[in-house]
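Encoded as structure tokens, the structure appears first; notes follow it.
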Amino acid sequence: MNKTSFKKETNKIDVPKDRVMNAIHQGIEEADVAPRKRHRKLTGGLVTSGAAAALIAFSFLSPSVSRVLAEVPILSAIYGRAYDSIGQNLSNQKLVTELNQSATDKGIKVTITSAYYDGASIGLTFKASGPIKVDDNGEQGKNFIAFYEIFGGDLKIDESQELAVTSVQGKRYTGHVQINYPQKELPKKATLPITFKEIGDKKGIWAFNVPIKQLPKETVKVSAESRSKDGKIKVRYESVVFAKSSTFINYQVILPDKLNQDYIELENIYDDQGREVQQLSDGHLEKFQKGNQSIINRRLTIPSSLKNKTKTLTVHPVNRINEQPQFVSPFEKLPVTVRSEKTNSAIRIEEMFIKNGHFTVIYQIDLGDKKNEWGIHFLKTAIKDDLLVVKKRNKNSNQNPMEHSVTVLDKDKLRFSSTFGASRADRINGDYLLRVSFNGLNNNLPEELSPATLSLDK
């Protein structure tokens, strides 16, 4: 059979369009597995493994299948610059608003081309033209710098100053921004003030007021609470919001003033079948004082609508404890035990000495009631920034610590050595301090609060 005959015959095949569409959407959902936390940004040209597998499989299908795929607008997003599953799903439903707002500076024109506002999630796309410096990232493709601010770069707002996800394909320069509305109350209509401050290697002002209109949503009030073991920290869950292509959990963190630098977030979420629910971000909305307590309103974003898909959500919050560093003078009488001020962890410094132009510290870690489920190499990485040699005059700064390496001496007893580059013993002795912190351990081995189950029945 020649090529023409083959094409005619395969075009006669009846393709089950619904099954093809469902397979694509399932692949997209499975591919949208984000690494834990915060606003997720993927570099241009990157396709997650699930989506890539779907594309490879479909590329070998018949022309009849190709006709079906040509009708799927989500494919352009898979091939495209940023992986925004909320925007992709809304685009399929024709719920993204097309725009044409332009601004020109330094010979570069930037145009906002579309936007959506789903629950609390906002996304927009833009294109640029002019003398733009391009960065070649090899297999990940070409892109360009696009630095922007929202709401005037207000530092009280999460992610108010960010880099957009961009791509260069031939002469097309495109980009994507995805944020969460930074206030607790969600207006039905609003204007998003966004200003690009740098495009390529050109600094300038490309300012826009992007009109956004919220898509329909449904709010379910919930009543549940999580607590720390000592009861001093509380997490109160207020509502779950079902939007068109996303879900949000609104909750409140209550903690005493002396703990107000600790970072509480929802680490894991499970549906009523025990399956983990993927998260997009867990953001800070506002913080205020009430007596001797700090109250923080937060919102967690799930990049899919869970309406009618689960009857409950079980949430597991954690506290990533933050504490001030402590200092030890080199060559003081040893051993010295430095104890965490907020946990029962400790670091016992056994030896400090200079040999062959290097300063070495030998120490043992006591995790207290923490469980290291990740292994010794994980602990080695976590401790590296907890033990630093710093100059006395800048002892509270993380800038320019002395370079060092960590070696495991005894994995069962958790004994390590940190070796710092130093050429003169008197310099180490007189101008430097050993700074001991527990924040690396606290962040990677956080304190677990009691879980809570949120009922989604009205």
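Nothing in this text is a laboratory measurement; each read-out follows from the coordinates by a stated rule. Model, not experiment: these values are computed from the prediction. Glycine also receives a Cβ, built like all others from the backbone with ideal geometry; neighbour counts cover every protein chain displayed.
Structural remarks
- Net charge dipole, the stretch 133-186: roughly 280 debye, given to the nearest 20, about the Cα centre with Cβ charges of +1 for Lys and Arg and -1 for Asp and Glu.
- Qualifying GluC sites (Glu not before Pro) for the stretch 354-458 [loop in DSSP, other Cβ within 10 Å: at most 15]: E373, E403
- With the convex hull of the Cα atoms taken as the outline of the stretch 142-284, the averaged projected area works out to 12.3 nm².
- A simple charge model with +1 on the Cβ of Lys and Arg, -1 on the Cβ of Asp and Glu and nothing else charged puts the dipole of the stretch 270-428 at about 380 debye relative to its Cα centre.
- Simple spin-label estimate for N209 and K197 in nanometres, 7 Å along Cα-Cβ: 2.1
- Relative contact order %, the stretch 175-289, counting alpha carbon pairs below 8 Å whose residues are six or more apart: 17
- Local electrostatic count, G204, Cβ distance below 14 Å [Lys/Arg +1, Asp/Glu -1]: +2
- Only Cα pairs under 8 Å and 6+ residues apart enter the sum, and on that basis the relative contact order of the stretch 296-356 stands at 22 percent.
- The C-alpha atoms of the stretch 326-437 occupy a region whose extents along the principal axes are 39, 29, 28 Å, arranged from largest to smallest.
- With a Förster radius of 25 Å applied to the beta-carbon distance between K391 and K133, the computed FRET efficiency rounds to 0.10.
- Flagged links, alpha-carbon separation over 21 Å, of K229/K370; K234/K371; K106/K171; K109/K197; K287/K309; K156/K342: K234/K371; K287/K309; K156/K342
- Under the convention that each Lys and Arg Cβ holds +1 and each Asp and Glu Cβ holds -1, the size of the dipole of the stretch 92-213 around its Cα centre is about 480 debye.
- Under 19 Å from the Cα of K307 - lysines, other chains or at least 8 residues apart: K217, K221, K244, K458
- Extension gain for the segment N322 to Q93, taken as residue separation times 0.36 nm less the Cα-Cα distance, is 78.0 nm to one decimal.
- Over the stretch 328-458, relative contact order from alpha-carbon pairs under 8 Å, at least 6 apart, %: 28
- Once the chain from K307 to E373 is taken as fully extended at 0.36 nm per residue, the excess over their C-alpha distance is 20.3 nm.
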